[in-house]
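The values are calculated or read from the model by the stated rules, or taken from the named source; none is laboratory data. None of these values were measured; they are calculated from a predicted model. Note that we place each Cβ from the backbone using ideal geometry, even for glycine, and neighbour counts take in every protein chain shown.
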Amino acid sequence: MGIGKIYISQKLVDTSQVFLAQKHPRLAVGVLVGSEKVVGLCHGVFDNHRFHLFRSRVLSEEVTMLRILIADDHELARNGIRALLESHPGWEVCGEAKDGRETVELATSLRPDIVLLDIGMPNLNGLEAARQILTISPEVAILILTMHDSDNVVREVLRAGARGYLLKSDAGRDLVAAVEALQLQRTFFTTRVSQMVLDGYLDRQTRNVGTIGKDKDDERTENSLTSREREVIQLLAEGKTSKEVAVTLNLSVKTAETHRTNLMRKLGLHSVADLTRYAVRNGIVQVF
């Protein structure tokens, strides 16, 4: 008994091995045509008729690689993630981004199947990048890969529409399983994160009425912010001036200052220091 495999690229560059295997069916183990995509697997000894049918069926199919975009502001982390993912058959890293804004641009142009996002990236954090990506391409699966495991961050990840949440400390063990889950249209949360979500939910149910009311007010305030306002908050909290915010977001300085004034009023804040504390408390920027 043999196992006949046929590999094709977008252009069939060498069909001689196919015909050789057809003539000598017991040599049809590991038949190669190109080297990029595995499109068929057949068990058994091929006679000429069976191989012809198998070849016709296989070469008429096209199975695309799973395309993955990696977003992390640390080059060492990106390199490690890339090496782990590209060791898996059928997966390819189609691009890398070092901040949230570049991630949105690459996700729009490269059209990946899955985006691996760190939360604490400059210019545009991973949560806001996820929101913008899913607005443009709702079919993309977002996997958050981060070192932050607070209940508030997990809640914001779920609100942003991510399908998976993985702590970097668990990546060596669980990253492949997480990507496989998203590839199968499932969600993935590590045991620690799942327990954290449950504990956070139960904890909120046992709080007193006054505290619950305050939390709901805070949540309504944050949910009332627009995507642009969250971008402005992050840039200001990172220490950028109104002029630098304007350049980054392609706005006039006057418009950037108007956003800043409106944010202060909407959030009831009185200084950039207050705004920075708000950004940290709500996971808009990360403190290391």
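In the range 46-84, which residue that is within 16 Å of VAL140 (Cβ to Cβ) and more than 13 Å from the chain's Cα centre (by Cα) is modelled with the highest pLDDT? Top of the filtered list is MET65.
Scanning the range 122-145 for residues that are surrounded by fewer than 19 Cβ atoms within 10 Å (Cβ to Cβ) and among the polar types (S, T, N, Q) turns up THR135, SER137. Scanning the range 132-152 for residues that are at pLDDT 90 or above and more than 11 Å from the chain's Cα centre (by Cα) returns GLN132, THR135, ILE136, SER137, PRO138, GLU139.
Considering only residues that are out of contact with any Leu (no Cβ under 8 Å at 6 or more places or on another chain) and basic (Lys, Arg), look in the range 90-121 and name the one that is surrounded by the fewest Cβ atoms within 10 Å (Cβ to Cβ). Filtering first and then ranking leaves ARG111.
Would you check which residues across the range 93-123 are polar (S, T, N, Q) and on the phi > 0 side of the Ramachandran plot and list them? Of everything in the range 93-123, just one residue is polar (S, T, N, Q) and on the phi > 0 side of the Ramachandran plot, namely ASN123.
In the range 255-266 there is no residue that is assigned to a loop (DSSP other than H, G, I, E, B), loosely packed, with under 13 Cβ neighbours inside 10 Å and not assigned by TED's automatic domain parsing to the domain that holds ASN123. Restricting attention to the range 102-130, which residues are in contact (Cβ under 8 Å) with a residue 60 or more places away in the chain, over 16 Å from ILE68 (Cβ atoms) and either in a helix (DSSP H, G or I) or among the aliphatic types (A, V, I, L, M) (or both)? Answer for the range 102-130, where residues must be in contact (Cβ under 8 Å) with a residue 60 or more places away in the chain, over 16 Å from ILE68 (Cβ atoms) and either in a helix (DSSP H, G or I) or among the aliphatic types (A, V, I, L, M) (or both): ILE119, LEU124, LEU127, GLU128.
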